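The structure under discussion appears below in the form of structure tokens.
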Amino acid sequence: MVVFWRKISYTLLMICSVDLLATSGDITMSWTSPMLTKLNSTDSSINPLSRRITDNEGAWIGSLINIGAILGTIPISYLAEKFGRKIALLCIAVPHFTSYLSMAIVKDVNIYYFGRLFGGIAVGAGYNLLPMYIAEIAQESQRGPYSVTLGIFWAFGNFLPYLIGSFLSVFWFNFVLALFPLAFFISFLFLGTETPYYLVKTGQLDKAEKVLMLLRSSGKDEVAGELSHIRTTLANEKQGNLLDVLKSSGLRKALIISVSLLAFQQFSGINAITFYLQPIFESSGTEIPSDIASLVVGACLFSSSLVGPYVIDKFGRKTLMISSCSIMALCLISMGAFFFIKEKTSLSTEPIFWLPITSLVLLILVFQIGVAAVPWTISSELFPSDLKQLAASATTFSCYFTSFIITKFFTDMTTALGTGETFWFFAVFSILYVIFTLFYVPETRGKTFMEIQNILRKTSIVPSRNNSIL
């Protein structure tokens with residue numbers, strides 16, 4: 001155990017450092033829940049603006065992060081290839097820090113627009129680059145466990161605003177959040193390493209060897225095999241393009257599945273719910289204080305992230321997706337029924353005051369275990385290595401574009417349709433998600449890329465001895 005710890009210690013230190021950046025990113029996702037409540041207040045000691053924001057302003061504040069996230073995936077790929085992963089990661093921290101600090105200091109709604117858009121750029125860049133960095137510094141046997149930490153720290157970032165947002169002023173709330181990207185920047189600036197993959201790719205073999213020795217706490221002879229493996233891998237690697245996808249019926253179907261899964265994920269309303277969680281509880285009139293209810297749901301979101309990584313390989317991808325979406329649909333239907341009774345009938349909701357928080361807790365639990373992670377996993381398994389970056393860009397665009405639509409028009413939907421009917425709208429898409437997964441998505445667990453492509457092309461699968469396992 002002591003030897004194992006010694007050998008992974010510096011790699012683990014790097015993982016912990018970049019996980020701070022992961023937390024910085026997902027803070028922005030649930031930031032709106034306590035902040036919109038404050039910005040809608042007429043109390044000048046709570047709201048730093050001279051007035052309460054309008055519904056349209058609140059919708060833009062909530063949704064602009066998604067536009068930023070779409071834009072953020074473009075420059076980060078260039079920076080990572082041109083200047084290296086380390087410099088690119090340090091660049092991501094700058095808009096995060098600037099976003100939080102500007103929203104802490106300046107008392108103008110336009111600055112909130114800027115902060116959300118700028119922070120969204122960092123979010124999209126982080127989701128694009130962080131998994132790559134961890135994969136490139138970790139040993140192959142440790143990539144799975146190390147990659148799992150990203151999901152945990154992303155979930156902690158979602159939980160943090162619920163934890164502290166209701167108890168801090170706008171200034172101190174945003175100031176505390178700004179400390180996370182600052183802590184990452186300082187620690188990674190002095191301790192961070194470039195990845196051995198990038199160094200080998202750019203012909204810096206001596207530096208790559210030294211970095212491997214540092215990361216593995218090993219001598220030159222001990223890292224020689226891994227260095228040789230990296231060189232061989234990169235020598236055999238080619239860069240795929242969209243034309244390669246269009247030429248293959250299997251890859252075309254893979255792209256449709258990847259894009260659709262992430263679009264359905266967002267049309268289930270999950271980001272709108274997490275963005276507007278505290279206002280949703282306030283509108284429900286439940287006896288449970290909205291800040292406490294939000295805190296409970298946020299805690300469930302974080303705790304369930306610890307479970308997801310351990311069940312994704314234990315059960316089939318389709319089983320998790322179908323089960324998760326089915327339960328989500330039931331939760332959304334029950335929430336819709338609560339708000340419909342409250343808003344459209346004369347019946348009292350006091351006997352079922354517990355229904356909104358119970359439904360949301362269960363919704364978050366099953367989402368985090370299934371729908372949150374599985375679509376990204378399936379997408380990565382449907383494409384060969386030379387097309388994974390293209391696939392990641394397409395799925396990221398699909399995710400944040402649909403998230404923008406839902407979060408921007410969530411308040412308009414609740415006004416036009418009613419809160420209950422809006423949740424039923426999300427429930428319909430969750431049911432469609434189940435149908436799509438059941439009839440169109442292949443089971444990818446334990447299958448090679450060629451086996452998956454055979455399924456997508458609807459050809460018979462005859463596993464060979466060399467092709468039967470991953």
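Worth pointing out:
- Number of positions in segment 165-183 that are surrounded by fewer than 23 Cβ atoms within 10 Å (Cβ to Cβ), among the aliphatic types (A, V, I, L, M) and in contact (Cβ under 8 Å) with a residue 40 or more places away in the chain: 4
- Residue among ILE322, ILE341 that is touching a residue at least 24 places away in the same chain (Cβ under 8 Å), among the β-branched types (Val, Ile, Thr) and farther than 21 Å from GLN278 by Cα: ILE322
Each row is one residue, and each column tells you yes or no for (1) over 20 Å from LEU246 (Cβ atoms); (2) of a type in the set (Val, Ile, Thr); (3) in contact with an Asp or Glu (Cβ under 8 Å, 6 or more places away or on another chain).
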{"site": "GLU350", "(1), (2), (3)": "yes, no, yes"}
{"site": "PHE353", "(1), (2), (3)": "yes, no, yes"}
{"site": "ILE357", "(1), (2), (3)": "yes, yes, no"}
{"site": "THR377", "(1), (2), (3)": "yes, yes, no"}
{"site": "PRO384", "(1), (2), (3)": "no, no, no"}
{"site": "LEU390", "(1), (2), (3)": "no, no, no"}
{"site": "THR396", "(1), (2), (3)": "no, yes, no"}
{"site": "PHE401", "(1), (2), (3)": "yes, no, no"}
{"site": "ILE406", "(1), (2), (3)": "yes, yes, no"}
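- Filtering segment 382-422 to residues that are within 26 Å of ASN454 (Cβ to Cβ) and basic (Lys, Arg) leaves only LYS388.
- Meets criteria (more than 20 Å from LEU12 (Cα to Cα) and buried (at least 20 other Cβ atoms within 10 Å of the Cβ)) for PRO161: yes
- Residue selected from segment 50-81 under the condition of a type in the set (Val, Ile, Thr) and crowded, with 16+ Cβ neighbours inside 10 Å, by the criterion farthest from LEU277 (Cα to Cα): ILE76
- When GLU237, GLU209, GLU222 are checked against the criterion of being over 30 Å from CYS399 (Cβ atoms) and modelled with pLDDT under 90, GLU222 stands alone in meeting it.
- Scanning segment 91-141 for residues being of a type in the set (S, T, N, Q) and either under 20 Å from TRP60 (Cβ atoms) or modelled with pLDDT of 95 or more (or both) gives a total of 4.
- Within segment 1-36, considering residues that are of a type in the set (A, V, I, L, M, F, W, C) and within 16 Å of the chain's Cα centre (by Cα), the one modelled with the lowest pLDDT: MET29
- The set of residues in segment 91-107 that are aliphatic (A, V, I, L, M), over 19 Å from the mean Cα position of the chain (by Cα) and surrounded by 17 or more Cβ atoms within 10 Å (Cβ to Cβ) comprises LEU101, MET103, ALA104.
- First in segment 215-228 and under 14 Å from ALA138 (Cβ atoms), second anywhere and not in a helix (DSSP H, G or I), Cβ under 8 Å, 6 or more apart: LEU215/THR193; ARG216/GLN139; GLU226/GLN139
The values are calculated or read from the model by the stated rules, or taken from the named source; none is laboratory data. The structure displayed is predicted, hence computed values, not measured ones. Don't worry about glycine lacking a Cβ; one is built from the backbone with ideal geometry, like all the others, and counts go over all protein chains shown.
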